[in-house]
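Scroll down for the structure; my scribbles are underneath it.
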Amino acid sequence: MIARSIVVRKGYVSPFGTGEPTALTQPVYPLLLAGIFSVLGVYSGASALAILFFQSVVGAVTILVVHSLARRRVGQYAAAATSLSRSQLLRPKGSS
């Protein structure tokens, strides 16, 4: 909702429909979504795929960073277990 209001030039306003300026969320993610919306369309299929792709990349980078930090601190086996447990959390329900 914040990203949509940025794209339609209403500004950084509350996602609860009050029209009031908000500091409820951090500004980077809604601004990123607004950029995707302005290029690919607000709530379009293409923007949904772009957002899902971006979130997947961020999730993968998070796993790599956690693995690297764990390997430095507690060793290779604990790092592998940490990386696997993180990837298991991201697996969609019902997939094997």
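Bear in mind that the values in this text are calculations on the coordinates, not laboratory data. In this text the structure is predicted, and so the values were computed from the model without any measurement. Positions of Cβ are generated from backbone atoms using ideal geometry, with glycine treated the same way; all protein chains shown enter the neighbour counts.
Quick notes on this one:
- Label-to-label distance, THR25 versus ARG72, with points set 7 angstrom from Cα along the beta-carbon direction: 3.1 nm.
- Net length gained if the chain between VAL61 and ARG9 were fully extended (0.36 nm per residue, minus Cα distance): 15.5 nm
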